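Contents: one structure, followed by commentary.
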Amino acid sequence: MVRLEKIIKAISDKFNWVAAAAVAVMMLLTVVDVVLRLFKMPIPGTFEIVGMLGAVAISFSLAYTSLEKGHITVEVLMQNLPVRVQAFFTVLYSLASALFFLFAAWVCIDYAMDLIKSGEVSSTIKMPTYPFVLGISISSLLLSLVLFLDCFKSVREFKNQ
Amino acid sequence: MSPTTIGIIGLVALVVLIFTRMPIGFLMAIVGFIGFASIVNVDAASTLLAKDLVAVFGSYNLTVIPLFVLMGQIAFHTGISRRLFDTAYKFIGHWPGGLAIATVGACAGFAAICGSTNATAATMGSTCLPEMKRYNYDPGLACGVVASAGSLGILIPPSVIFIVYGILTEQSIGKLFMAGVIPGIMLATLFVLTILIWVRLKPELAPRGPKTSFKEKLQSLSGTGETLLLFVLVMGGLFTGMFTPTEAGAVGAFGALTIALVRRTITWKAFLQSLMETTRISCMIMMIVGGATVFGHFLAVSRIPFDIANSILGLDLPHAVIMIMIVAIYIVGGCFLDSLALIMLTIPIFYPVVVQLGYDPLWFGVIIVMVTQIGVITPPVGVNVYVVHGVARDVPMYAIFRGAFPFLVALVIGTLLLIPFPQIALFLPGLIK
C-alpha cells in the first residue's frame, strides 16, 4: 500500500512537471508569435497549439493538485465536527469522485476513438486532436487513483479513531 | 419527474453536499452529470461530459487563466512590491496614517499586475507589515489594511474573477478589465478616506513615519517605472485590440520575468516554483470552471434558471430593490463560501435575471467582483484575512477581521454607489467600440 502510494505520488509529480512545462511553452510561443506578428510573420496555428498546451497544463496537474489538497472545498461545517465524522464523509465523497473520474477516463477514450475514426484534425495545421483527449483520459485515471488512495486512507482513519 | 423537479433536487443536493468538504468542481460535475442523465439519458450525458471536459481544458480562451496567474506569481519574485511600497512610503509616510495609506497605494499598484486577491494580500503583507510594525502601528489596523486593500487585486485589471465571469457570460474580457479601472481607483480612494477618518479619531493607532527629502522622493520613483510600463504594455495592448487576453497574459508574464531577470531578483528555483504554483492554482480554477460547465448544461435542460428569472421578474419590485437583494445574497453567501465557487454556482441563475432587468452585463461583472472583495474579508470564511494571518502569525484572526471592518464599510458604500451611478464602471468600456 505504502509502495503504491509512493508510485502514484511520483507519477503525479512527473505529470505536474509536464503541465508546468506546457505553461512555460505556452508563454514563450505566444510571445514569439506576438513579436513575429509585428514583422508580419506570425507562427501558423499558434491559436490551436496554445489551446492544446492549455489542455495539457490543466489535465496533467489534476492529480498533483488533488494530492496537494489544492481543489476548493467548503470547510465551514466539517472543521467543527469530530475527526471520525470527517473521515466518514471523506470516504464517501472520495469514493464517489474516484468512480466518477474512472468513468470520465472511459468516456474520454470513447470520444478519442470517435475522433480517430472520423479523422478529426485542427483547422490550420492539421494536427490530430485525439492525443490530447487521450491525455485528459489518462489524467482522469491518475486523479481517480489519487482519490481511491484518499478513500483508503480515510477508511483507516475512520477505523483507528 | 419533470425536468424542473429534477433541477430543484440537483440544486438542493449540490448545496447540501458542498458541506461534506467535497471539492466543489468535482461535486458540480457529478451532480450535473447525474442530473443531465436523469433528464435526457445516460448516453447523452456521457457524450456531454467528455465534450465539456475537452472543450474547457483545451479552450484557447481559457489559457488566459494560467498566463495571468503566472504573471502574478513571477511578479511576486520581482521585488516590485517592495519598490512600490517604498515609493508610496517616501511620498506620504510622514502623514498621520501615512504608512497605511502607502500600503493602499502599493496594493493598488501591485493589483495592476496581479489578478488575485490572496496573491496581492500575501505579497503586500510580507512587504508592508514589517514596516508598519516598526513604526508601532496597531497590528489590527495594519493587517486589516493589507487584507482589504489586497482585495483590489481582482478589481484593478488583470483579474481572475473578471476572466472567469467573462467566460461564463461570454462578455469581452478586455472591456471587463476596463470597467474595473475607475471603480478600483474609487475604492482605493475610499480606503484612504477610511484611514484618514480612523486616525483622526484615534491618532495613537498609526504614528507618523519619518520625513523624506524631495530628492529621496524623486529617486524612489525610478523603482516603479517598470510596473507602470508593464501595465501600460499589457492593458494597452489588450484595450486597443492588439492582443487577445491570452496574448496579454503571455506578454505580461514574460515582461515580469524579464524585469526579474534584469534586476536579478529571481532564481531558477523560484521560477520553477512559480510554474508549479501556477499549475496548481490554474488547475483549481479550471476544475471549477469544468464542473460548472457540466452543471450549467444540466441547469439549462432543467429550465430552472428560466423559471427563477421569471418568478423574480414576476415579483414586480423596483429593479434597484431586486439588485440590492442579489447583492445581499452574495454578501451573505460570501461569508461562508469560497468566492469563486459562489460565483460559479450563482451566475447561471442570477445572470439571466440581471440582464432581463436591463442592467449592463459589464456593470454586473464589476458588482460581482466588489461583492467578492467583501467576501474575502468577512468572517468566518475570509480568505484574505487567513492569508494575512499566515504572514503575521502573532496577530489573532479576530483582530484582523476587526481591523478590516472599517474598510468593509467602505466597500459596501462603494458597491452601493455603483447601483445609482453605473457610469463609474461603464464610462471607460463605453469609449471603445
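Values as computed for the structure displayed
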{"read-out": "B:Leu229 being within 14 Å of another protein chain (Cβ to nearest Cβ) and in a helix (DSSP H, G or I)", "value": "no"}
{"read-out": "Residues (within 13 Å of B:Leu70 (Cα to Cα), without any contact (Cβ under 8 Å) to a residue 24 or more places away in the chain and charged (D, E, K, R)) located in the range B:253-291", "value": "B:Arg280"}
{"read-out": "Test: residue in the range B:65-84 that is among the charged types (D, E, K, R) and touching a residue at least 24 places away in the same chain (Cβ under 8 Å)", "value": "yes"}
{"read-out": "Residues that are within 14 Å of chain A (Cβ to nearest Cβ) and in contact (Cβ under 8 Å) with a residue 40 or more places away in the chain, drawn from the range B:5-14", "value": "B:Leu14"}
{"read-out": "Residue satisfying condition, being buried (at least 18 other Cβ atoms within 10 Å of the Cβ), without any contact (Cβ under 8 Å) to a residue 40 or more places away in the chain and among the hydrophobic types (A, V, I, L, M, F, W, C), within set B:Val354, B:Val371", "value": "B:Val354"}
{"read-out": "The range B:409-431: number of residues that are in a loop (DSSP other than H, G, I, E, B) and touching a residue at least 40 places away in the same chain (Cβ under 8 Å)", "value": "3"}
{"read-out": "Pairs where the first residue, in the range A:108-122, is under 20 Å from A:Leu142 (Cβ atoms) and modelled with pLDDT of 90 or more and the second is surrounded by 14 or more Cβ atoms within 10 Å (Cβ to Cβ) and small (Gly, Ala, Ser), C-beta under 7 Å, 6+ apart", "value": "A:Cys108/A:Ser137; A:Cys108/A:Ser140; A:Cys108/B:Ala50; A:Ile109/A:Ser137; A:Asp110/B:Ala50; A:Tyr111/B:Ala50; A:Ala112/A:Ser137"}
{"read-out": "Test result for B:Ser46, within 9 Å of chain A (Cβ to nearest Cβ) and modelled with pLDDT of 95 or more", "value": "yes"}
{"read-out": "Single match in B:Gly390, B:Gly365, B:Gly403, B:Gly382 (criterion: modelled with pLDDT of 95 or more and within 23 Å of B:Asp138 (Cβ to Cβ))", "value": "B:Gly403"}
{"read-out": "Subset of the range A:81-98 that is within 9 Å of another protein chain (Cβ to nearest Cβ) and free of Cβ contacts under 8 Å to residues at least 60 places away in the same chain - its residue that is surrounded by the most Cβ atoms within 10 Å (Cβ to Cβ)", "value": "A:Ser97"}
{"read-out": "Filter result for B:Pro183 (out of contact with any Ser or Thr (no Cβ under 7 Å at 6 or more places or on another chain) and not in a helix (DSSP H, G or I))", "value": "no"}
{"read-out": "Answer residue from the range B:16-29, given it is in contact (Cβ under 8 Å) with a residue 24 or more places away in the chain and either more than 9 Å from chain A (Cβ to nearest Cβ) or of a type in the set (A, V, I, L, M, F, W, C) (or both) and is farthest from A:Val76 (Cα to Cα) among those", "value": "B:Ala29"}
{"read-out": "Hits in the range B:49-65 - residues which are buried (at least 23 other Cβ atoms within 10 Å of the Cβ), within 24 Å of B:Ser116 (Cα to Cα) and at the interface with chain A (Cβ under 7 Å from one of its Cβ atoms)", "value": "B:Phe57, B:Gly58, B:Leu62, B:Thr63"}
{"read-out": "From the options A:Ile49, A:Ile125, A:Ile43, residue that is in a loop (DSSP other than H, G, I, E, B), surrounded by 15 or more Cβ atoms within 10 Å (Cβ to Cβ) and at negative phi", "value": "A:Ile43"}
{"read-out": "Residues satisfying the stated conditions in the range A:60-79, i.e. over 18 Å from the mean Cα position of the chain (by Cα) and facing another protein chain (nearest Cβ under 8 Å)", "value": "A:Val74, A:Glu75, A:Val76, A:Leu77, A:Met78"}
{"read-out": "From B:Phe68, B:Phe85, B:Phe91, residue being surrounded by fewer than 24 Cβ atoms within 10 Å (Cβ to Cβ) and under 22 Å from B:Val181 (Cβ atoms)", "value": "B:Phe91"}
{"read-out": "Filter result (of a type in the set (A, V, I, L, M, F, W, C) and either more than 7 Å from chain B (Cβ to nearest Cβ) or buried (at least 21 other Cβ atoms within 10 Å of the Cβ) (or both)) within the range A:25-34", "value": "A:Val25, A:Met26, A:Met27, A:Leu28, A:Leu29, A:Val32, A:Val34"}
{"read-out": "Subset of the range B:243-294 that is assigned to a loop (DSSP other than H, G, I, E, B) and at the interface with chain A (Cβ under 9 Å from one of its Cβ atoms) - its residue that is surrounded by the fewest Cβ atoms within 10 Å (Cβ to Cβ)", "value": "B:Thr244"}
{"read-out": "B:Ser126 surrounded by fewer than 23 Cβ atoms within 10 Å (Cβ to Cβ), in contact with a helix residue (DSSP H, G or I) (Cβ under 9 Å, 6 or more places away or on another chain) and under 23 Å from A:Leu53 (Cβ atoms)", "value": "no"}
{"read-out": "Which listed residue is under 30 Å from A:Leu143 (Cα atoms), modelled with pLDDT under 95 and either out of contact with any helix residue (DSSP H, G or I) (no Cβ under 9 Å at 6 or more places or on another chain) or within 12 Å of chain B (Cβ to nearest Cβ) (or both), from A:Arg37, A:Arg3", "value": "A:Arg3"}
{"read-out": "Residue tally, condition more than 18 Å from B:Tyr165 (Cβ to Cβ) and in contact with a Phe, Trp or Tyr (Cβ under 9 Å, 6 or more places away or on another chain), over the range B:353-384", "value": "6"}
{"read-out": "Yes/no for A:Ala57 being under 30 Å from B:Gly241 (Cβ atoms), crowded, with 21+ Cβ neighbours inside 10 Å and facing chain B (nearest Cβ under 9 Å)", "value": "yes"}
{"read-out": "Selection from the range A:128-149 of residues that are in a helix (DSSP H, G or I), over 16 Å from A:Leu62 (Cβ atoms) and of a type in the set (Ser, Thr, Tyr)", "value": "A:Tyr130"}
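The values are calculated or read from the model by the stated rules, or taken from the named source; none is laboratory data. None of these values were measured; they are calculated from a predicted model. Don't worry about glycine lacking a Cβ; one is built from the backbone with ideal geometry, like all the others, and counts go over all protein chains shown.
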